[in-house]
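The values are calculated or read from the model by the stated rules, or taken from the named source; none is laboratory data. Just so it is clear, the structure is predicted and the values come from calculations on it, not from any experiment. All Cβ positions, even for glycine, are placed from backbone atoms using ideal geometry, and neighbour counts span all protein chains on display. SASA here: full protein model, heavy atoms, side chains in, ligands and nucleic acids out. Shrake-Rupley method; radii C 1.70, N 1.55, O 1.52, S 1.80 Å.
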Amino acid sequence: MKKTFFVVEDHSLMRQGITGFLAEHSDFECIGYASNSTDFFDAMQALGEKTLPAVLITDLNIEGSVEKGLSLIKNCRSEFPTVRIVVYSMHSAGGIVGAAFEAGCDGFVSKMSDEVELKNALESAVLGKRYVDPQIAPNLVLFEMTLSKFSMRENEILRMILQNKSNVQIAEELGINKRTVENCISRIYNKTGFSTHKELIASFGSGEF
């Protein structure tokens, strides 16, 4: 497999930093970049199946929204399954990292870490291996351990809390009554030791979905 990558990042200095570092310190070749989802998918279609990048490096905060970043990952995984996906993000909360892996990414690296972690993630990705930046791995482990205590419904509601949704919004989206949501949230509080939405978001996610 030819070691090529494509970057989705809306800050030009960050794009330059990524491509410059990898050009100097790895044998990966940049074949393009985009600042938003639309430009990325247009570029993928223009490249064609035979010249798709081996790895997509993407920020998670796309057009000001983590939800759009997760959507980009899901759609890329669906439309271009051979492309490995590495997230390079300022986010490090366990809930957000977990959401990125659920969406379909292969690696997650913090922008606060040494650039070599990005290179390590790309090398793992092309080998079909999952890579979690050691600096944020404990956050993901804690989040996954927490999820293992919950029922399917509790998991679902916790993820919606981390999207900063109110009890009323959760009830409406799940098609259940508000009292059922409140009872489920009480169980989540009991199992985590927290007592408010804000505490859950502070521990597991930023609320910026």
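Efficiency by 1/(1 + (r/R0)^6): what FRET value for Val168 and Met14, r their Cβ-Cβ distance, R0 = 35 Å, to the nearest 0.05? Mind showing how you got there, number by number?
Numbers: r = 38 Å, r/R0 = 1.08.
E between Val168 and Met14, to the nearest 0.05, is 0.40.
At what distance in nm do the modelled label points of Glu67 and Lys50 sit from each other, each positioned 7 Å from its Cα along Cα→Cβ?
It is 4.1 nm.
Please compute the Kirkwood hydrodynamic radius over the chain, one decimal place, Å, based on all pairs of different Cα atoms.
17.9
Whole-Hz Karplus ³J(HN,Hα) for the range 9-25, in order, using 6.51 cos²θ - 1.76 cosθ + 1.60 and θ = phi - 60°, x for Gly and Pro?
Each residue of the range 9-25 in turn: 7, 8, 9, 4, 5, 5, 4, 4, x, 5, 5, x, 4, 5, 5, 8, 10 Hz.
How much length would be gained if the chain were fully extended between Lys149 and Arg179, taking 0.36 nm per residue of separation minus their Cα-Cα distance, in nm to one decimal?
Values: separation 30, 0.36 × 30 = 10.80 nm, distance 2.15 nm.
Result for the pair: 8.6 nm of gain on full extension.
Just give me a number: lysine pairs in the chain, eight or more positions apart or cross-chain, with C-alpha atoms less than 16 Å apart.
10
If DNA, RNA and ligands are ignored and the probe is 1.4 Å, what is the ranking of Met44, Met112 by accessible area, most exposed first? Walk me through the numbers on the way to the answer.
Working: Met44 0, Met112 125 Å².
Sorted descending by solvent-accessible area, the residues read Met112, Met44.
Quick one: which residues, 5+ away or cross-chain, put their amide H under 5 Å from the amide H of Ala34? H built at 1.01 Å from N.
Val7, Val8, Glu9
For the charge dipole of the chain, defined by +1 on Lys and Arg C-beta atoms and -1 on Asp and Glu C-beta atoms about the Cα centroid, which residue among Gly69, Met112, Phe194 has the Cα displaced farthest towards the positive pole?
Checked the options; the winner is Phe194.
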